[in-house]
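**Q** This structure is in structure tokens; I'll ask about it shortly.
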Amino acid sequence: MTHLLTLAACLFLTATAANRPIDRKALVMRNSPVITSVDTLASLSVGNGGFAFTTDITGLQTFPEYYRGGVPLGTQSEWGWHSFSNPEQYRIEESYQMYDFGHGHRELYATQPKTGRAKEAADWYRINPHRLHLGCIGLEIEGLKPTDIQKPRQTLDMWTGTISSKFRVKSLEFRVNTVCHPERDLVSSQIKGKGAAINLRFPYPTGAHCDDACNWTANDSHHTELITQNEHSAILKRTIDETVYYVSLTWEEPALLREKSKNYWVLESEGNQLTFSCEFSPTVPTVPTTPTIPTFQSSAQHWQHFWQTGAAVDFSKCKDKRAKELERRVVLSQWLLASQCAGGTPPQETGLTYNSWFGKFHMEMIWWHQAWLPLWNHASLLDRTLRWYETVEPKAREIAMRQGFQGIRWMKMTDRSGEEAPSKVGSFLIWQQPHLIYLAELLYRSLPPAPSKGRGSLLEQYGRLIDETATFMADFATYDKASDRYILKGIIPAQETLKASETYNSPFELAYWHWALQVAQQWRERRGLERVALWDDIIQKLSPLAATHNTHSTHDTQSTPLYLAAESAPDTYQTLALISDHPAVLGAVGIFPMSRLVDGDIMKHTQEWIWDHWNWDHTWGWDYPMVAMNAARLGVPENAVSALLMDKRTNTYLPNGHNYQDGRLRCYLPGNGGLLTAIAMMCAGWDGCTERNPGFPKNGQWDVRWEGLQPMP
């Protein structure tokens, strides 16, 4: 009897431990970065989704030139843009070129001509507008160099949103705490140390493709003007060509503000402590009066609410030695994406840290940046961004009209205005087109079921845009009478190594068209509207994925049918172009559920072949989560985990959580977002999946605990 009671007690305690809520604070805190050297790839950021401030080892932006080749010290917002002058009066129409892809009409695309005025116009519109670096705030110590920083210890407390830095300069000790306001483009900091002082340095933009956007050698091309000041505050006006914005500075202790040189201001404390706030604004602010300390309190409340109300995944009970690193990546990715990629416009691929592609954002990447949000119970952050689609609908309609299509065609590379940037690749992509349908569907699924006023409001908000999006998709599909099927042609697929003129029926795009048109029909039915007959015809007759039966490697002993690049791709897969870039075919079952377009056995063979033969040194950060989602759906959880932790350069996660790609892209946030989406699927599964944690091996090594995740479609 004693033995039975002991066994019962043990079982009860085990069950209780398994059902115990995850300790959110402990989960977050054990993954907080600790930096103990001047590491240019370990910069830490604070932000609110639409504004971010990235610091060096001092907790401020003291060494922007030194860090520019690492993870740069950006101060960026979603509203801060600039354009160089256009004395030649270039027009976007000058970049347009006519193509005939067999849709029955000519199509006008914004491309990159190689010579003449057309090339110059395209170059101007690719560069302009570009995102601004709003200004550096650094520690002001005369002659200070990175090598002068001694015994540093810096931590990012993600529970309160605070970067805390401790270090010595010669015999002097400094402590710096820095936070960002959750609703305003405002950074606050408290410095403790003898002669505490800061500098505000303002650069001219570079307009470069990928850099920190800081030209420190053009002081005469812009200026900074003090327009008001009192005992504890000041407002500076920034003028860069035709761009104007404002910087409001407040401080609590007695301090002196002075202009050290052009576009270089210094705020010096009269004691050994300086507590200040700096807010950036596109419009004239009122005289600032907000004290700094409440910003610390607001930051703590905001981030604690974020971590406590969102989903959580705890890997601490896992025995696999890789679990600890996976948990670190998952927690840090949530911090980075919520602080840099959750504003009122889609994010750029380097977030609000530094400029890539001139600071513009890529609409095919919004899924990778933000699909995780409703799956992790942060749907309101996605809704905040998706509303931007409505503001740029006129631009999207213009694109469809000039190419001879009905509906609206969503741009690929753009800025907050929605203007399509000329591109020899981007203008021919189509896989950004259904993203609105997918993301809106995730929002709908995240709300309580009917009767739900929230769902009704969402249908009203996005229903018409989804109709117009699907109208283009249906018009773009070409009916082939001879084979009684619809095909997709005249595109560069997600695997961008393939050409628009030679490629049709790329597998990822076929799967996306098939799935998204079905969802668009569901949205019509939810709104009490009839289904569109043409959409149903395309759903029934869209081409299935084409398999090739050739021998694909000199090491193969027999031919195995595979899905690879596209139906029209060359009849071999040994060229680097066809086994490099994104293995997008795997997204056809992974991002989307299995469909009639796909043979499950062939897809399994395809995954195995790609695993062994793909040129993994030429992939991108989101490819690994895509492979993981495919492996999970196909019932190969070992590959799902191994994909997320594959030891490749583009799958590297830095101490700050950024997904490193190469010397150009030292951070790449689509990789972080893809990771979180894959983890949600691997834990919560997908529609019709009854297995818990279907993406993790059942070998006793992966006791993954989670709360609040939603399944994938």
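The values are calculated or read from the model by the stated rules, or taken from the named source; none is laboratory data. All values derive from a computational prediction rather than experimental measurement. Heads up, the Cβs are rebuilt from the backbone with ideal geometry, glycines too, and the neighbour counts pull from every protein chain shown. To get the accessible areas, we keep the full protein, side chains included, count just its heavy atoms, and leave off ligands, DNA and RNA. Shrake-Rupley method; radii C 1.70, N 1.55, O 1.52, S 1.80 Å.
**Q** Hey, does region 105-124 have a residue that's open to solvent by 40 Å² or more (accessible area, probe 1.4 Å), closer than 30 Å to residue 167 by Cα and β-branched (Val, Ile, Thr)? Give the derivation first.
**A** To start, the set of residues in region 105-124 that are open to solvent by 40 Å² or more (accessible area, probe 1.4 Å) comprises 105-106, 108, 112, 114-117, 119-120, 123-124.
Within this subset, residues satisfying the condition of being closer than 30 Å to residue 167 by Cα are none.
No, the conditions are met nowhere in region 105-124.
**Q** If a residue has to be within 20 Å of residue 423 (Cβ to Cβ), not in a strand (DSSP E or B) and not acidic (Asp, Glu) to count, how many in region 478-507 make the cut?
**A** 14
**Q** Which number in (1) under 23 Å from the mean Cα position of the chain (by Cα); (2) of a type outside the set (Lys, Arg); (3) open to solvent by less than 50 Å² (accessible area, probe 1.4 Å) marks the one condition that residue 183 misses?
**A** All conditions are met except number (3).
**Q** What number of residues within region 365-387 are of a type outside the set (A, V, I, L, M), open to solvent by 10 Å² or more (accessible area, probe 1.4 Å) and either in contact with a His (Cβ under 6 Å, 6 or more places away or on another chain) or part of a helix (DSSP H, G or I) (or both)? Break it down stepwise before answering.
**A** First pass over region 365-387, keeping only residues of a type outside the set (A, V, I, L, M): 367-370, 372, 374, 376-378, 380, 383-385, 387.
Subsequent filtering for residues that are open to solvent by 10 Å² or more (accessible area, probe 1.4 Å) retains 377-378, 380, 383-384, 387.
Then drop every residue that is not either in contact with a His (Cβ under 6 Å, 6 or more places away or on another chain) or part of a helix (DSSP H, G or I) (or both), which leaves 380, 383-384.
Residues meeting the conditions: 3.
**Q** A follow-up question, please. I need the full set of residues from region 283-339 which are free of Cβ contacts under 8 Å to residues at least 60 places away in the same chain and closer than 22 Å to residue 659 by Cβ, in order please.
**A** 321, 324
**Q** Related question: Could you give me the residue pairs with C-beta distances under 9 Å whose first residue belongs to region 610-639 and is among the small types (Gly, Ala, Ser), whose second residue is open to solvent by 40 Å² or more (accessible area, probe 1.4 Å) and not in a helix (DSSP H, G or I) wherever it lies, and which are 6+ apart or on separate chains?
**A** Filtered contacts from region 610-639: 621/652; 621/660; 632/686.
**Q** Pairs, please: C-beta under 8 Å, at least 6 apart or cross-chain, first residue under 21 Å from residue 190 (Cα atoms) and in region 61-77, second open to solvent by 10 Å² or more (accessible area, probe 1.4 Å) and part of a helix (DSSP H, G or I)?
**A** Pairs that qualify, where the first residue is under 21 Å from residue 190 (Cα atoms) and the partner is open to solvent by 10 Å² or more (accessible area, probe 1.4 Å) and part of a helix (DSSP H, G or I), are 63/146.
**Q** Name the single residue, out of those in region 479-509 being of a type in the set (Gly, Ala, Ser) and open to solvent by 50 Å² or more (accessible area, probe 1.4 Å), that is nearest to residue 622 (Cα to Cα). Can you show your working first?
**A** First pass over region 479-509, keeping only residues of a type in the set (Gly, Ala, Ser): 482-483, 490, 494, 500-501, 506.
Pick out the ones that are also open to solvent by 50 Å² or more (accessible area, probe 1.4 Å) and you get 482-483, 501.
Values: 482: 38, 483: 35, 501: 26 Å.
The extreme case among them is 501.
**Q** Among the residues of region 459-474, is any in a strand (DSSP E or B) and either at pLDDT 95 or above or open to solvent by less than 50 Å² (accessible area, probe 1.4 Å) (or both)? Break it down into steps so the answer makes sense when it comes.
**A** So the first thing to find is which residues in region 459-474 are in a strand (DSSP E or B), and the list is none.
Within region 459-474, not a single residue is in a strand (DSSP E or B) and either at pLDDT 95 or above or open to solvent by less than 50 Å² (accessible area, probe 1.4 Å) (or both).
**Q** Of 702, 620, which residue is in a loop (DSSP other than H, G, I, E, B), under 16 Å from residue 582 (Cβ atoms), of a type in the set (Phe, Trp, Tyr) and modelled with pLDDT of 95 or more?
**A** So the residue among 702, 620 that is in a loop (DSSP other than H, G, I, E, B), under 16 Å from residue 582 (Cβ atoms), of a type in the set (Phe, Trp, Tyr) and modelled with pLDDT of 95 or more is 620.
**Q** One residue is enough: does region 146-155 have a residue meeting the conditions touching a helix residue (DSSP H, G or I) at 6+ places or on another chain (Cβ under 7 Å), closer than 21 Å to residue 352 by Cβ, of a type outside the set (Val, Ile, Thr) and at pLDDT 95 or above?
**A** Step one: of region 146-155, the residues touching a helix residue (DSSP H, G or I) at 6+ places or on another chain (Cβ under 7 Å) are 146.
Then keep just the ones that are closer than 21 Å to residue 352 by Cβ; that gives none.
There is no residue in region 146-155 that is touching a helix residue (DSSP H, G or I) at 6+ places or on another chain (Cβ under 7 Å), closer than 21 Å to residue 352 by Cβ, of a type outside the set (Val, Ile, Thr) and at pLDDT 95 or above.
**Q** So, one more: Output yes when any residue across region 400-408 is surrounded by 23 or more Cβ atoms within 10 Å (Cβ to Cβ), of a type in the set (A, V, I, L, M, F, W, C) and within 13 Å of residue 472 (Cα to Cα), and no when none is.
**A** yes
**Q** Output the residue which, of all residues in region 138-156 that are among the hydrophobic types (A, V, I, L, M, F, W, C) and part of a loop (DSSP other than H, G, I, E, B), is most open to solvent (accessible area, probe 1.4 Å).
**A** Quick first cut of region 138-156, residues among the hydrophobic types (A, V, I, L, M, F, W, C) only: 139, 141, 144, 149, 156.
Now restrict to residues that are part of a loop (DSSP other than H, G, I, E, B): 141, 144.
On the way: 141: 51, 144: 30 Å².
It comes out as 141.
**Q** List every residue pair whose Cβ atoms sit under 8 Å apart, with the two residues 6 or more apart in sequence or on different chains, where the first one lies in region 688-700 and is at positive phi and touching a residue at least 24 places away in the same chain (Cβ under 8 Å) and the second, anywhere, is open to solvent by 90 Å² or more (accessible area, probe 1.4 Å) and part of a loop (DSSP other than H, G, I, E, B).
**A** 700/319
**Q** Look through 221, 248, 189 and report the one residue that is among the polar types (S, T, N, Q) and surrounded by fewer than 15 Cβ atoms within 10 Å (Cβ to Cβ).
**A** On the way: 248 fails: surrounded by fewer than 15 Cβ atoms within 10 Å (Cβ to Cβ); 189 fails: surrounded by fewer than 15 Cβ atoms within 10 Å (Cβ to Cβ).
Exactly one of 221, 248, 189 is among the polar types (S, T, N, Q) and surrounded by fewer than 15 Cβ atoms within 10 Å (Cβ to Cβ), namely 221.
**Q** I've got another one for you. With the condition kept exactly as written, say whether any residue in region 35-42 is hydroxyl-bearing (Ser, Thr, Tyr), open to solvent by 40 Å² or more (accessible area, probe 1.4 Å), over 27 Å from the mean Cα position of the chain (by Cα) and within 24 Å of residue 334 (Cα to Cα). Before you say what the answer is, go through the steps one by one.
**A** Applying the first criterion (hydroxyl-bearing (Ser, Thr, Tyr)) to region 35-42 yields 36-37, 40.
Next, only the ones that are open to solvent by 40 Å² or more (accessible area, probe 1.4 Å) stay: 36-37.
Applying the additional criterion that residues be over 27 Å from the mean Cα position of the chain (by Cα) yields 36-37.
Applying the additional criterion that residues be within 24 Å of residue 334 (Cα to Cα) yields 36.
Yes: region 35-42 contains one or more residues that are hydroxyl-bearing (Ser, Thr, Tyr), open to solvent by 40 Å² or more (accessible area, probe 1.4 Å), over 27 Å from the mean Cα position of the chain (by Cα) and within 24 Å of residue 334 (Cα to Cα).
**Q** What single numbered condition from (1) open to solvent by less than 10 Å² (accessible area, probe 1.4 Å); (2) more than 19 Å from the chain's Cα centre (by Cα) fails to hold for residue 322?
**A** (1)
**Q** Moving on. Restricting attention to region 421-457, and to residues there that are at pLDDT below 95, part of a helix (DSSP H, G or I) and not polar (S, T, N, Q), which single residue is surrounded by the fewest Cβ atoms within 10 Å (Cβ to Cβ)? So that I can check it myself, show each step before the final result.
**A** Narrowing region 421-457 to residues at pLDDT below 95: 447-457.
Narrowing further to those that are part of a helix (DSSP H, G or I): 453-457.
Then drop every residue that is not not polar (S, T, N, Q), which leaves 453-456.
On the way: 453: 10, 454: 13, 455: 18, 456: 14.
Here the answer is 453.
**Q** Do you know which residues across region 652-680 are buried (at least 24 other Cβ atoms within 10 Å of the Cβ) and either polar (S, T, N, Q) or free of Cβ contacts under 8 Å to residues at least 12 places away in the same chain (or both)?
**A** 659, 672, 677
**Q** Filter region 540-597 down to the residues that are among the small types (Gly, Ala, Ser), modelled with pLDDT of 95 or more and surrounded by fewer than 20 Cβ atoms within 10 Å (Cβ to Cβ) and list them by number. Please lay out each step first, then the result.
**A** Initial filter on region 540-597 (among the small types (Gly, Ala, Ser)): 543, 546-547, 553, 559, 565-566, 568-569, 577, 580, 584, 587-588, 590, 595.
Those still in the list that are modelled with pLDDT of 95 or more too: 543, 584, 587-588, 590, 595.
The answer is 595, and nothing else.
**Q** Now, a different point. Could you give me the residue pairs with C-beta distances under 9 Å whose first residue belongs to region 153-182 and is in contact (Cβ under 8 Å) with a residue 60 or more places away in the chain and at positive phi, whose second residue is part of a strand (DSSP E or B) and open to solvent by less than 20 Å² (accessible area, probe 1.4 Å) wherever it lies, and which are 6+ apart or on separate chains?
**A** Note: pairs meeting the criteria are 161/46; 161/47; 161/179; 161/180.
**Q** Which of the residues that make up region 292-351 are assigned to a helix (DSSP H, G or I), under 17 Å from residue 24 (Cβ atoms) and of a type in the set (A, V, I, L, M, F, W, C)?
**A** Scanning region 292-351 gives 300, 303, 306, 307, 330, 331, 332, 335, 338.
**Q** So for region 280-289 (the condition being touching a helix residue (DSSP H, G or I) at 6+ places or on another chain (Cβ under 7 Å) and crowded, with 20+ Cβ neighbours inside 10 Å), does at least one residue qualify?
**A** Restricting attention to region 280-289, the residues satisfying the condition of being touching a helix residue (DSSP H, G or I) at 6+ places or on another chain (Cβ under 7 Å) are none.
No, that holds for no residue.
**Q** Still on this structure: Counting just the residues of region 251-279 that are buried (at least 16 other Cβ atoms within 10 Å of the Cβ), over 11 Å from residue 200 (Cβ atoms) and aliphatic (A, V, I, L, M), which one comes out nearest to the chain's Cα centre (by Cα)?
**A** Among those that are buried (at least 16 other Cβ atoms within 10 Å of the Cβ), over 11 Å from residue 200 (Cβ atoms) and aliphatic (A, V, I, L, M), it is 274.
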